[in-house]
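**Student:** Mind looking over this structure? Questions follow.
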Amino acid sequence: MFIHWAPASQRGWELSWPLVGGSSALPGGQSIGVEEYHSTAKTFNPVNFDARDIARRAKRAGMQYGVLITKHHDGYAMFHTRESDYGIEHSPYRKDIVRAYADAFRAEGLKVGFYFSLIDWHHADYPAFTDADKPYRFGKWRRSTPEQWDRFLKVMFGQLRELLSNYGKIDVLWFDGGWERSAEEWHSAELVKMIRELQPEILINDRIPGFGDYVTPEQAIPASAPKGPWETCLTINDSWGYNPSDRKLKSPRYLLHALCEVAGKGGNLLLNISPMGDGAIPPEQIDRLEVFADWMTRHQESIVGTTAGLEPWQFYGPSTRRGDRIYLHLLMRPYESVSVRGVNVRRVKAVSVLGSGAKLDFTSQISAVDLMFNKDPIGELIIKVPESALDPYATVIAIDF
Ligand code: GLC
C-alpha cells in the first residue's frame, strides 16, 4: 500500500506538482500559485486519520507492506523534525503522522516503508521553487550557491537520520525526485552508507542516482519482467493525491488483474491510496480495497511469496509458482477448458480451484511419437473448467506436479 497524502489534499490538489505548474504525467493535476499551495499547511488538521484502520485494511487486502509519504517534493514533513518548521508538528493537528503509521502497520505484522523526496521545492537553500521559476522544465532547475547546498544537504541528511532512528525498524526507503541532481550532488554514496548503518536490513529503491536494490516502474505493467527484483506503483485514478475531480477510476477487476499480471512476472504491486484532507479514505478507494480483501481471502496463496510461473507461450494468462505448485490466473472466461502447453503431463497429480479446493478433471494430449516411445512425455494439459468454478473477478487454478 502506497499512501500519498499532504496538506494539499484538503483542497483535492495533487501533491507538489501543482506548485510548479502541473506535470504532463499527471493529467488530473492542477496549477496553483506557490504561496497558495503552501498555505494549505496552516489548516492541516486531519482529525479523521485512523492509522490502525488503514493498516487493518491493508492487511485484509493481503498487502505485505506500506510506503507512506514522509516528505514529498513540496518539502512538507509528515513527521516531527528538528530540521524544519514546515511540517505536521506546527499544524493544528500536531501529532506525528509517520509515527502513527509505522506503529499501526507494524502492529498488523506489515512491513514499514518510507517515501522520501530528495527534491525539496520549499527549502530556501534547495532553493525553493517560486512562481518566477515557472514553467518547470527538465534540466532547467535553479541551483543554489555551494554554501546553500551544503546547508541543504545537512537538512536532508538530518531528516533521513531522524526517520531512520526514531521509528523502529524500517524495511523500505522509497526515494523519489533524484532526477534534479547528480549522484555526486546528492552525496548518494555517503547517504546510502549512513542509511545502511542506521538500518542494516533496509531495502532502498532505485530513485536515488547510482543505487537501488530494486527497480520501480510507475503507472504501468511492464510488457516483460524487468531484470532483478521490481515493484510497480499504480494509482486508483490518474492522481497520487486525493483528487475528487479525477474520475478516471480503474475498476476493481482491472486492479485485481493488474495484481495477477505483476505477480505473474515476479514483481510486487504498490497500490496507491489517497487520504482526504481530514485523513479519511475516499469511499471509492475503500470499495476497491474491499474487493481485494474478499478476493485475497481465497487467493492470497497464488500471489504472496510466489515467483513468476510458466513461460507466456505455455498458458494464456499470468501464472505463478511455489515449489511444485503452479497457479493459473484466468483473466478471461474459458469456453469449456484451458490448456497448459509444454509440461510433463504424466507428473500432474491434481488440478483444483483455489479457494474452494474443488477438483477439476483434466486430460492430456501428447504427440503420437512421444506416446509410443517416451516415458516422460512433454505435452498439453487440458483442464475442464465448469461455470461453477468461475470467480467473479479472477479464477485461480492450482496444478500440483
Ligand atoms: C513521480 C512523481 C511523484 C509521485 C511518484 C510516485 O515521481 O513525481 O509525484 O509521488 O512518482 O511514484
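**Student:** Does segment 1-11 hold any residues that are more than 12 Å from the ligand (Cβ to nearest atom) and within 27 Å of L259 (Cα to Cα), and which are they? Don't jump to the end; show me each part of the working.
**Tutor:** Just the residues of segment 1-11 that are more than 12 Å from the ligand (Cβ to nearest atom), to begin with: 1, 7, 9-11.
Within segment 1-11, M1, S9 qualify.
**Student:** Continuing with this model, one more query. Kindly indicate which of V369, V340 is farther than 21 Å from Y316 by Cα and not polar (S, T, N, Q). If you could, list the steps in order and put the result at the bottom.
**Tutor:** Values: V340 fails: farther than 21 Å from Y316 by Cα.
Residue meeting the stated conditions: V369.
**Student:** Moving on. If you take the residues in segment 67-98 that are of a type in the set (D, E) and assigned to a loop (DSSP other than H, G, I, E, B), which one is farthest from the ligand (Cβ to nearest atom)? Don't jump to the end; show me each part of the working.
**Tutor:** The initial filter retains those residues of segment 67-98 that are of a type in the set (D, E), namely 74, 83, 85, 89, 96.
With the extra rule that they be assigned to a loop (DSSP other than H, G, I, E, B), the set shrinks to 74, 83, 85, 96.
Working: D74: 10, E83: 21, D85: 23, D96: 21 Å.
By that ranking, first place goes to D85.
**Student:** Go through segment 34-74 and give me each residue that's surrounded by fewer than 24 Cβ atoms within 10 Å (Cβ to Cβ) and of a type in the set (D, E).
**Tutor:** Within segment 34-74, E35, E36, D50, D53 meet the criteria.
**Student:** Further, regarding this structure: Within segment 316-343, track down each residue that is at negative phi, in a loop (DSSP other than H, G, I, E, B) and not charged (D, E, K, R).
**Tutor:** So the first thing to find is which residues in segment 316-343 are at negative phi, and the list is 316, 318-322, 324-341, 343.
From what is left, the residues that are in a loop (DSSP other than H, G, I, E, B) are 316, 318, 324, 331-336.
Listed by number, the residues that qualify are Y316, P318, L331, M332, P334, Y335.
The rows are residues; the columns are (1) charged (D, E, K, R); (2) in contact with a His (Cβ under 8 Å, 6 or more places away or on another chain); (3) within 16 Å of the ligand (Cβ to nearest atom); (4) open to solvent by less than 30 Å² (accessible area, probe 1.4 Å).
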site	(1), (2), (3), (4)
A100	no, no, no, no
F105	no, no, no, yes
L110	no, no, no, yes
A128	no, yes, no, yes
K134	yes, no, no, no
G158	no, no, no, yes
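**Student:** Output the residues belonging to segment 173-203 that are more than 13 Å from the ligand (Cβ to nearest atom) and closer than 23 Å to H80 by Cβ. Steps first, please.
**Tutor:** Initially, segment 173-203 is screened for residues more than 13 Å from the ligand (Cβ to nearest atom), giving 173, 181-203.
Within segment 173-203, L173, L191, M194, I195, E197, L198, Q199, I202 qualify.
**Student:** Given the criterion open to solvent by 30 Å² or more (accessible area, probe 1.4 Å) and more than 12 Å from the ligand (Cβ to nearest atom), identify the matching residue among S24, S31.
**Tutor:** On the way: S24 fails: more than 12 Å from the ligand (Cβ to nearest atom).
Result of the check over S24, S31: S31.
**Student:** Okay, next question. In segment 366-394, which residues are among the aliphatic types (A, V, I, L, M) and either open to solvent by 60 Å² or more (accessible area, probe 1.4 Å) or within 19 Å of G342 (Cβ to Cβ) (or both)? Show your work before the answer.
**Tutor:** Taking segment 366-394 and keeping what is among the aliphatic types (A, V, I, L, M), we get 366, 368-369, 371-372, 378, 381-383, 385, 389-390, 394.
Listed by number, the residues that qualify are I366, A368, V369, L371, M372, I378, L381, I382, I383.
**Student:** Identify all residues within segment 184-238 that are of a type in the set (S, T, Y), at pLDDT 95 or above and over 22 Å from Y65 (Cβ atoms); write none if there are none. Even if it seems obvious, please write down each step before you answer.
**Tutor:** Taking segment 184-238 as the starting set, the residues that turn out to be of a type in the set (S, T, Y) are 188, 214, 216, 224, 232, 235.
Now narrow it down to the ones that are at pLDDT 95 or above: 188, 214, 216, 232, 235.
Within segment 184-238, just S188 meets the criteria.
The values are calculated or read from the model by the stated rules, or taken from the named source; none is laboratory data. All values derive from a computational prediction rather than experimental measurement. Positions of Cβ are generated from backbone atoms using ideal geometry, with glycine treated the same way; all protein chains shown enter the neighbour counts. With ligands, DNA and RNA removed, areas are computed over all heavy atoms of the protein, side chains included. Shrake-Rupley method; radii C 1.70, N 1.55, O 1.52, S 1.80 Å.
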